[in-house]
Amino acid sequence: MKRMKKLLLTIPVMLALAMPACAAQADIAGAEGAAAFFPLMPDTMIIYTVEGMESPGTRMIYNTYISGNRAQRMVTASHFPPSLEIIEAGEEQVRLIFGDPFHYNIENLTHVAPSIDFIILQGPIEVGTSWSNGPEISQITAVDAQVETPVGTFTAIQVTTTTPGGFEERYYYAEGVGLVKSVHPNELGTFVVTMYEILRGPATLPLFVLFPNIVENTIEVEPRPLSVLTNTDIVPLLAHELSTPPPAAAPLLPYAAALNSIEIHRAENLAHVDLSSSFRDWQDFGDGTMSTVFMALTNTIGLFAEVTHVSYSIDGAPFEWGQIQLAVGEAVRVQDFSEIE
C-alpha cells in the first residue's frame, strides 16, 4: 500500500498462463472463408514484437468481449495507453467497425452501430481478390506464403496493401491463428510486426482503489488489479475490491452486494452507479468520514471507468446518505490525483 500520489494507470496487460498456438486454434472450429483467417478467440492474448522503429516495442491484443461474429479487442502497445477496436468477422469479409483510441472500456460495446467501415480481409480467399479503403488498395497476392515466427512456421495468405504514398505493406494471415506478421515500409524505413507469443488465460485490468485511512487521516491508494476472462461481468469483481479495505482503512462499500450496477454513458462522459438500499443504512461514520468515503468511491469508480462525472441512485431512487443528497440526474465531478492529494 502506498501514500496517495499521481499514478500511471495504463500499466501493461499481463496473462497468467501460457499455452501453444495449436490450442488457440481449437476455439474457431467451423469458421469459413475470411473469418477462418481472423479467429475471435476468447481468453487469449496475442503478443507481437515491433522492430525497425527507433524504440522497439510490443503490441498485445486481448478479446475482452465476444458476441456472435464480433469481438471487442483491447489493444495495448508500447508507449501508448490501451485502446479499443471492434472487429466483425464474416465469411465474405472481416471489417473494423468501431475504434476508440482513448479508452480500453470496461463495458461490452459489441452491440454498437458501426462507426467505421474498414475492410481488413475480403473473400474469396484466392490470389487476385482485391478491395479498397479510401485511397488504399489491398489484394491477396499469395495463399501459401511460409512465415517464420517465434511461435512457429505458418502457411499464410499474403495481403499486399498499396498506401497513398506508393509503399507496399504486406500482411500475413494464417488460418485458425490470424495475423502472424506484417511489414510496413515508409519514407523513414521499414518496421516489422511479428507474432511472438500466444497466451491463454485471464487478462489483468489495472484498478487503483482509494481508501480513507481512519487512523492517519490520509487517503491510501491500493493497487487491486482485476483478473478477467472474455465476457466477464466486471461489476461484482470491482464491488469485492471496494468492500475489502486494508488494515486501518475504511471500506467504500459495506459489502460487495451493495453495488447493483454501473452504466457508462460515453457521450456524457458519465458513469451511473446504482447502489442497494443497504448502502443508505450504512452510517457507522461521522459526517466528515462519510464525505471522505463518498469522495473516494466517486474517484475510484470514475478513474477506473475513465469518465469525468459519476451519478448515483439507490435501487433506482434518488441518492441519500446522511447529509449527502443528490437530485435525480445530478452528477459528481471526478477529481484527478493532485486534487485528491
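Taking all protein chains into account, the per residue accessible area for the stretch 202-242 stands at 39 Å² (1.4 Å probe). Computed from label points 7 Å out along Cα-Cβ, the spacing between Asp336 and His265 is 2.5 nm. Put a plus charge on the Cβ of each Lys and Arg, a minus charge on the Cβ of each Asp and Glu, and nothing anywhere else: the dipole of the chain about its Cα centre is then about 500 debye. On the chain, 53 percent of the accessible area sits on carbon and sulfur atoms, based on a 1.4 Å probe. For a distance above 24 Å, tell me the whole-number percent of Cα pairs in the chain that qualify. Of all Cα-Cα distances in the chain, 61 percent exceed 24 Å. Longest stretch of the chain clear of exposed loop sites (trypsin sites (Lys or Arg not before Pro), DSSP loop, at most 13 other Cβ atoms within 10 Å, sites excluded): 7-341. Taking the DSSP bridge list for the chain and keeping only pairs wholly inside it, about 95 percent are antiparallel. Charged side chains reduced to their Cβ positions (Lys and Arg at +1, Asp and Glu at -1) give the stretch 202-341 a dipole of some 200 debye around its Cα centre.
The values are calculated or read from the model by the stated rules, or taken from the named source; none is laboratory data. Everything numeric in this text was worked out from a predicted model, so none of it was measured. Cβ coordinates were reconstructed from backbone atoms using ideal geometry, including for glycine residues, and neighbour counts include every protein chain displayed. For the accessible areas, the whole protein counts, side chains as well, though only heavy atoms, and no ligand, DNA or RNA atoms are used. Shrake-Rupley method; radii C 1.70, N 1.55, O 1.52, S 1.80 Å.
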